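Report on one structure; see the data block that follows.
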Amino acid sequence: MNPPRQATPGGQTTPGAEEAPGGQPGSQFRPTGAFPKARFARQDAEVERLTGGVHMTKEELAPTRGFTGPTSMEADPDNPRVVVAATADLRTRRCRLLVSRDAGLTWTFSKESPSPADYPFCTNTTSGVAQPQVAWGSGGTLYYAMQAYGDREGPRDGKTSVVLARTTNLGETWTTTLVDDARAQPDPKPENTCCPGLVVDSSGAQDAVYVGYSRDWSATAGKDHPLKEKQEVVVSVSTDGGKSFGKRINLNDHSKLTMTVAGQSYPLHFQTAFGRPFLTAHDGVVMAVGDSGPPADNEPPDEVYKGIFGEADPMLIARSTDQGSTWTVSELSSPVYTAAGAHTGMGWSPEGGPDGTFVLAYSATPGDTSSASRSDIVVRRSTDKGVTWTDPVAVNDDDPKDQYSNFYPQLDVAPNGRIDVIWQDNRGVTDYVAEVRYTYSTDSGQTWAPNMAVTDKPINYLGGISINSDIYQPPGVASTNAFAAIAWADPRFAGGETQTQDNFNVVAQFSPLPSEDNNTLRFFAAGLGGLVLAGIVLLGIQLARRTR
Amino acid sequence: MEVFGSDFAKGKPVHIRLDAPDGRILYTHPDPQPSTMTSQFTVQVPVPADISPGPHVLLATQEHYDMNIGIPARATMYVNSSPPVAPLPTDRAAVLEVSGGPNAASYVLIGLGGAAAALLVAAAARAIAARPPSAGGAEGVKT
């Protein structure tokens, strides 16, 4: 199924170049450790068809367009031909909704932007997480969560708010709610960094909507202000379908975990550096996941702690069963390195037991390794509503001795329980190039399909806007029973000056789409024909009797 | 040959190796600067005298933890040869398969089923209508 890879242009030796005697053996190379592999096996469904690349953002013609990766995308549960994706233009700083009505083969932007007029901008300086997010609720409602700010506000100035927009007509019109309004806060204003997490639980009478984001005051608090080093990882909850939100909950206020460094005990908190937390919910259970470290305002000294990027710390999980009022925070993993970011794809499958299966996928390197370089896509499963989790297994099937990096996972679950996991890696490519790879499971994550590369051509990140400030986003996946639509940010049209960056997608099809033809009239006609036939038979019997 | 590197962690040497993560070291850059997010270096890497012609991969390794994912970094070089012509990409589907819906035979069966049902109803109605009146019914008046 994999198309041939294009050769990456490289250098050439030139006549007269200096020749080394043969190179030095040098210090021994110690390969980075790896997680145990998942079991790979043939699944109950197979990809029957993989489309070519589809240019999702082609309606935007500005050469300087610079779209974020469509990390958050979902199919309409009531009409799986409809797929939506949240994206943002890093140049204009505006959020957009992409809509497909034909299972991902063509896309348009929604008629109206989801942003309110007085908070027109939405992009931030996070990396490795979604910027805006979408999620379907009940009654055909689509929710869109984003950061929100205006002029003289924003990630560099501090003072950013969070907005939830709702539409029932694919973005023809929107209704917005302020989730967290920085303008209404006393000075120094907070920077609310959103939205790594958005999830909707439709199990109740009204949708419960959970928005995950982080807060800090580093840009607005004075040097000695008590808020200068403070950071929060929060969830805001709406129990009325997004019309209003209650008081935000700082997950770290519920953590009783500690870590010991050089004999000293420190609190172990969710960390915020690139946007946290990641959320999932189903049937009254909501969970938040992220990587950890000591509080920013209570860190161990540099001599004994190399910071959250230089140390292996555990992933954390917070769980609530009362719509976010109280949370239990525990360690999800042993210490790991998350040098590629801790973005976690999360979902729930109806398969795997009476309570179904929660499933997570994140990128990590084992904590007892020699360097943070290569990483695996680690999957965990829970069949008891998130209380306990299986040991981590890697669903990337490359050989660890090749030392490839697998990062930026995303996950979605089709209504029939098929779990789709995608990520980016540098398997078999060189330079600043990556591909999107895909695996799936039809047995609730117990076995996985052999990996397949799905990008129609490798992604060369040297050209696009994301390389400017290291602002990247994971790819996105929307899962239906018949297909998985997989999308990513792609700078294939970038010129030296434009740094053009678009969204592209492919569709991996498992089974035929249902016919769109209206067969009702045909069924009616067939039935009517049968009645007419019966009438003719009865009339014939009556005539036969009279002539006797 | 000239080799450019960027975004390596500062503080630890970068080894540029030949053809494998544990291949022989051709060059060592001692300490990328100024920082992990902004480090860059351009160096002249000697090419071994015994290298075979054709494509080779340079791998840059670094033993360090500080946001330096993606190590080993890789770059391709061609010794006394040129990059191959890129193969034409395999054609992929441009459309998705759609179910054709019920076929003509299905509609005929639906019609016949409807006819059979209607005839059964008619036969049942005729059978009910033809039953003799019950014994306890009123008798005609005798004159």
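Some values worked out for this structure:
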item: Pick from the range A:393-410, criterion surrounded by fewer than 24 Cβ atoms within 10 Å (Cβ to Cβ) and in contact (Cβ under 8 Å) with a residue 60 or more places away in the chain, ranking: farthest from the other protein chains (Cβ to nearest Cβ); result: A:Val393
item: Verdict on A:Glu74 being in a loop (DSSP other than H, G, I, E, B), acidic (Asp, Glu) and touching a residue at least 40 places away in the same chain (Cβ under 8 Å); result: no
item: From the options B:Thr28, B:Thr61, residue that is open to solvent by less than 10 Å² (accessible area, probe 1.4 Å) and of a type in the set (Ser, Thr, Tyr); result: B:Thr61
item: Residues located in the range A:86-120, provided they are at positive phi and in contact with a Leu (Cβ under 7 Å, 6 or more places away or on another chain); result: A:Ala103
item: Residue selected from the range A:532-548 under the condition more than 15 Å from B:Ala123 (Cβ to Cβ) and open to solvent by 90 Å² or more (accessible area, probe 1.4 Å), by the criterion modelled with the lowest pLDDT; result: A:Arg548
item: Checklist (1) at the interface with chain B (Cβ under 7 Å from one of its Cβ atoms); (2) modelled with pLDDT of 80 or more; (3) surrounded by fewer than 16 Cβ atoms within 10 Å (Cβ to Cβ) applied to A:Gln12, failing item; result: (2)
item: Pairs with Cβ under 7 Å, 6+ apart, first in the range B:88-102 and without any contact (Cβ under 8 Å) to a residue 60 or more places away in the chain and within 7 Å of chain A (Cβ to nearest Cβ), second assigned to a loop (DSSP other than H, G, I, E, B) and among the acidic types (Asp, Glu); result: B:Pro89/A:Asp456; B:Arg92/A:Asp456; B:Gly101/A:Asp517
item: Residue under evaluation A:Asn79, criteria (1) on the phi < 0 side of the Ramachandran plot; (2) touching a residue at least 24 places away in the same chain (Cβ under 8 Å); (3) surrounded by fewer than 22 Cβ atoms within 10 Å (Cβ to Cβ), criterion not met; result: (2)
item: Some residue of the range A:499-506 being open to solvent by 60 Å² or more (accessible area, probe 1.4 Å), modelled with pLDDT under 95 and more than 8 Å from chain B (Cβ to nearest Cβ); result: no
item: Flag for B:Ala123 being touching a Leu at 6+ places or on another chain (Cβ under 7 Å), outside any loop (DSSP other than H, G, I, E, B), aliphatic (A, V, I, L, M) and surrounded by 11 or more Cβ atoms within 10 Å (Cβ to Cβ); result: no
item: One residue from B:Tyr78, B:Tyr65 being over 24 Å from A:Ser373 (Cα atoms), at the interface with chain A (Cβ under 9 Å from one of its Cβ atoms) and under 34 Å from the mean Cα position of the chain (by Cα); result: B:Tyr78
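One line per residue, one yes/no per condition, for (1) more than 22 Å from A:Val129 (Cβ to Cβ); (2) hydroxyl-bearing (Ser, Thr, Tyr):
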| residue | (1), (2) |
| --- | --- |
| A:Asn250 | no, no |
| A:Gln271 | no, no |
| A:Leu279 | no, no |
| A:Met287 | no, no |
| A:Ala296 | no, no |
| A:Glu299 | yes, no |
| A:Tyr305 | yes, yes |
| A:Arg319 | no, no |
| A:Trp327 | no, no |
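Rundown of residues vs (1) in contact with a strand residue (DSSP E or B) (Cβ under 6 Å, 6 or more places away or on another chain); (2) surrounded by 24 or more Cβ atoms within 10 Å (Cβ to Cβ); (3) more than 21 Å from A:Ser236 (Cα to Cα); (4) of a type in the set (Asp, Glu), yes/no style:
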| site | (1), (2), (3), (4) |
| --- | --- |
| A:Val84 | yes, yes, yes, no |
| A:Val99 | yes, no, yes, no |
| A:Thr108 | yes, no, yes, no |
| A:Glu112 | no, no, yes, yes |
| A:Gln133 | yes, yes, no, no |
| A:Gly139 | no, no, yes, no |
| A:Ala148 | yes, yes, no, no |
| A:Gly158 | yes, no, no, no |
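Yes/no per residue for (1) more than 26 Å from the chain's Cα centre (by Cα); (2) farther than 24 Å from A:Ser469 by Cα; (3) acidic (Asp, Glu); (4) assigned to a helix (DSSP H, G or I):
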site	(1), (2), (3), (4)
A:Ala219	yes, no, no, no
A:Pro226	yes, yes, no, no
A:Ser236	no, yes, no, no
A:Phe245	no, yes, no, no
A:Met259	yes, yes, no, no
A:Arg276	no, no, no, no
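The values are calculated or read from the model by the stated rules, or taken from the named source; none is laboratory data. Computed from a predicted structure; not experimentally measured. Glycine also receives a Cβ, built like all others from the backbone with ideal geometry; neighbour counts cover every protein chain displayed. Surface areas here come from the heavy atoms of the whole protein model, side chains and all, with no ligands, DNA or RNA. Shrake-Rupley method; radii C 1.70, N 1.55, O 1.52, S 1.80 Å.
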